[in-house]
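Below you'll find the structure, written out as structure tokens, and then a few comments.
The values are calculated or read from the model by the stated rules, or taken from the named source; none is laboratory data. Nothing here was measured: the structure is a model prediction, and the numbers come from that model. All Cβ positions, even for glycine, are placed from backbone atoms using ideal geometry, and neighbour counts span all protein chains on display.
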Amino acid sequence: MQPHTTTVTKASPRFTLEERFAFGRFNLREIAALAGVSLGKVYGDVREGRLETFTHGRQRFATGPTAQRYLRGQP
């Protein structure tokens, strides 16, 4: 007899990039990829106050509007 196992799948809704910029959040790795820069550069910008972030658990995020301003080079 095989042991009983349960597979849990987490449904993740799909949002467009525009919707995420308007209402979502981005982790720093995503911001670095969108900006075409290294993760270290993004962390440096966070330290220097150029990108406002928040933490959720152990991960750091920027809100969609904040990420969009950062990617546009606006303060």
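The figures follow:
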{"quantity": "Pair list, Cβ under 9 Å, 6 or more apart: the stretch 55-75 residue touching a residue at least 24 places away in the same chain (Cβ under 8 Å) and under 11 Å from N27 (Cα atoms), other residue of a type in the set (S, T, N, Q) and crowded, with 18+ Cβ neighbours inside 10 Å", "calculated": "R60/T53; F61/T53; A62/T53; T63/T53"}
{"quantity": "Within the stretch 1-42, considering residues that are of a type in the set (S, T, Y) and surrounded by fewer than 10 Cβ atoms within 10 Å (Cβ to Cβ), the one modelled with the highest pLDDT", "calculated": "T16"}
{"quantity": "Residue within the stretch 51-61 that is in contact with a Lys or Arg (Cβ under 8 Å, 6 or more places away or on another chain), aliphatic (A, V, I, L, M) and at pLDDT 95 or above present", "calculated": "no"}
